[in-house]
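Have a look at the structure below, then the notes.
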Amino acid sequence: MRKKLLPGLIHRLPQNAMSRTMGKITASRFSRLAIQHYIRHYKIDASIIEKPVTEYRTLKEFFTRRLKPGARPIAPGNDVIVSPVDGTVSQLGDICEGTLIQAKGKEFSVTELLGGSEEEAKRYYGGKFITIYLSPRDYHRIHMPVAGELVRYSYLPGRLYPVNRLGIENVDRLFARNERLVTYIESDGLGEIALVKVGALFVGSVKVVYNTATTNIKHGRQTDEPIEGTPHYAKGDELGWFEFGSTVILLLESSQLTWAAGVEKGNSLLMGQLLATLQKEQA
């Protein structure tokens with residue numbers, strides 16, 4: 001009975017109202033009283049946090065914390081892609097016929113994920129993808145997976161379904177239906193990469209450092225804009241952050257990539273960890 005009720009309940013949740021309420025609670029000055037409990041409950045290593053826990057004024061401020069320099073080493077090399085976040089591999093693989101795997105028996109298309117442009121989506125056909133879930137305990141800053149230029153971004157309005165196991169197993173095409181902010185990166189020698197930041201239940205916003213574009217828990221208009229000046233960022237540079245748990249999907253144009261050892265479904269990743277390496281051409 002419970003399994004039959006859950007899918008219907010997920011669709012009926014007042015997702016935006018719940019997320020706005022959570023945002024207000026965690027941004028209140030009283031929320032700082034919950035920080036120590038949060039650390040204990042999620043077993044967070046406070047020794048690598050940028051500043052003393054007592055200096056965080058709200059739970060939201062603590063949640064979007066930075067880490068001490070060197071806490072996340074960046075894998076070296078010009079022909080490698082690194083994890084942009086801490087998290088757990090939900091799915092990964094080849095992009096076959098423009099389709100991505102969400103969960104067993106559930107798929108969605110690259111075209112849907114990127115907002116309906118088949119021409120843009122075709123660029124990634126034959127490439128690779130990886131979906132990384134960030135739980136409430138994870139570090140929630142988002143970083144560059146490669147060195148390269150930020151060329152444009154897309155804001156795609158949508159729902160705020162939960163992106164945990166409950167959501168991905170019960171909501172068809174979830175990642176193509178939730179609010180999304182896509183950053184397009186022209187990498188230094190590894191092709192174009194689409195870094196898709198997926199909103200979720202209780203995720204108040206997705207912030208980015210290159211301009212004021214955010215998702216704001218509202219069903220606004222789809223936006224596709226060039227990034228002024230096409231700034232060049234180094235691998236590992238900070239790109240943005242989530243407010244509470246969510247998901248990142250990387251679409252990799254290059255088909256000449258090999259996943260690193262240990263990059264498998266269900267395994268944990270740290271930001272800066274080696275994800276994939278460009279295959280060397282045979283002499």
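The values are calculated or read from the model by the stated rules, or taken from the named source; none is laboratory data. Being a predicted model, the structure only gives us computed values, none of them experimental. Heads up, the Cβs are rebuilt from the backbone with ideal geometry, glycines too, and the neighbour counts pull from every protein chain shown. Quick note on the areas: whole protein, heavy atoms, side chains included, nothing else; ligands and nucleic acids left out. Shrake-Rupley method; radii C 1.70, N 1.55, O 1.52, S 1.80 Å.
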How far apart, in nm, are the 7 Å Cα→Cβ label points at N267 and Y42? 2.4
Please report the Cα spread of the range 59-156 along all three principal axes, rounded to whole Å, starting with the longest. 42, 32, 25
If you take the beta carbon distance between H232 and F30 as r and set R0 to 30 Å, what does 1/(1 + (r/R0)^6) give as a FRET efficiency, to the nearest 0.05? 0.10
In the range 69-151, which trypsin sites (Lys or Arg not before Pro) fall in coil by DSSP and have 12 or fewer other Cβ atoms within 10 Å? K104
Could you tally the net charge around A194, taking each other residue with its Cβ under 9 Å from the Cβ of A194, Lys/Arg +1 and Asp/Glu -1? -2
For the range 91-162 the GluC sites (Glu not before Pro) that pass both the DSSP coil test and the at-most-12 other-Cβ-within-10 Å test are E97
Could you report the range 30-76's accessible area per residue, 1.4 Å probe, as an integer in Å²? 64
Could you work out how much longer the chain between E119 and E149 gets when fully extended? Use 0.36 nm per residue separation minus the Cα distance between them, nm to one decimal. 8.7 nm
Among Y125, Y139, what's the order by accessible area (1.4 angstrom probe), most exposed first? Y125, Y139
Go through K128/K197; K207/K265; K68/K235; K106/K265 and tell me which ones have a Cα-Cα distance over 19 Å in this structure. K207/K265
